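Presented below is the structure to which this report refers.
The values are calculated or read from the model by the stated rules, or taken from the named source; none is laboratory data. Given the structure is predicted, the values throughout are model-derived calculations rather than measurements. Methodologically, a virtual Cβ is constructed for each residue, glycine included, from the backbone with ideal geometry; neighbour enumeration extends over all protein chains shown.
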């Protein structure tokens with residue numbers, strides 16, 4: 001509970017879990033039915049949305065996922081891994097767990113990172129081509145390109161995988177019209193007393 005709250009659903013305290021998750025643990029027999037992956041993405045997308053505002057100085061959310069995403073696709077800003085094994089033999093999320101964080105890398109400023117991104121010569125589009133997919137999952141891969149709302153309590157975000165088809169090895173069609181999120185849902189926070197029945201409030205989107 002604490003690990004999930006402070007890592008997957010981290011807030012700026014970095015140490016506490018929100019009380020909203022306690023309700024999910026009333027019935028341990030149902031925990032395996034929860035889509036924690038999509039809930040985690042909902043929190044990350046909401047954090048990215050807030051971080052894009054000009055007056056934002058900090059960012060929360062599952063930032064480890066964001067780092068792995070960026071380092072895998074933009075090697076020019078990534079630390080140098082210490083691993084001697086071939087990359088395909090190391091889980092992606094652990095590839096930088098023991099990195100050679102040299103003085104040169106640690107001393108990089110925001111200005112330097114921005115420069116490296118602006119002038120980078122490579123971007124890894126097909127970052128999943130080396131992953132080995134278990135045979136039992138092949139019959140369920142059609143969900144990978146499902147465009148659907150991601151919901152987690154107050155977080156409501158679209159999962160627009162149709163805009164990043166190149167990462168799955170497909171040709172990228174012209175972007176569709178942006179999908180709107182109702183303003184009252186997108187700006188919702190959990191400040192103050194919240195007595196919503198989320199299954200009712202988000203019922204239409206869950207459906």
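Quick notes on this structure:
- In the range 45-61, the qualifying residues are those that are touching a residue at least 40 places away in the same chain (Cβ under 8 Å) and farther than 11 Å from residue 12 by Cα, and the one that is nearest to the chain's Cα centre (by Cα) is 45.
- Top-ranked residue in the range 149-168 [being in contact with a helix residue (DSSP H, G or I) (Cβ under 8 Å, 6 or more places away or on another chain) and in a helix (DSSP H, G or I); ranked as nearest to residue 187 (Cα to Cα)]: 161
- Among the residues examined, residue 137 qualifies as without any contact (Cβ under 8 Å) to a residue 24 or more places away in the chain and more than 19 Å from the chain's Cα centre (by Cα).
- Subset of the range 139-153 (residues that are at pLDDT 85 or above and either loosely packed, with under 11 Cβ neighbours inside 10 Å or on the phi < 0 side of the Ramachandran plot (or both)): 147, 148, 149, 150, 151, 152
- Condition met for residue 136 (farther than 30 Å from residue 179 by Cα, loosely packed, with under 12 Cβ neighbours inside 10 Å and modelled with pLDDT of 75 or more): yes
- Members of the range 164-207 found to be surrounded by 14 or more Cβ atoms within 10 Å (Cβ to Cβ) and within 19 Å of the chain's Cα centre (by Cα), listed by number: 165, 167, 168, 181, 186
- For the range 76-85, the count of residues that are modelled with pLDDT of 80 or more, part of a helix (DSSP H, G or I) and surrounded by 15 or more Cβ atoms within 10 Å (Cβ to Cβ) is at least one.
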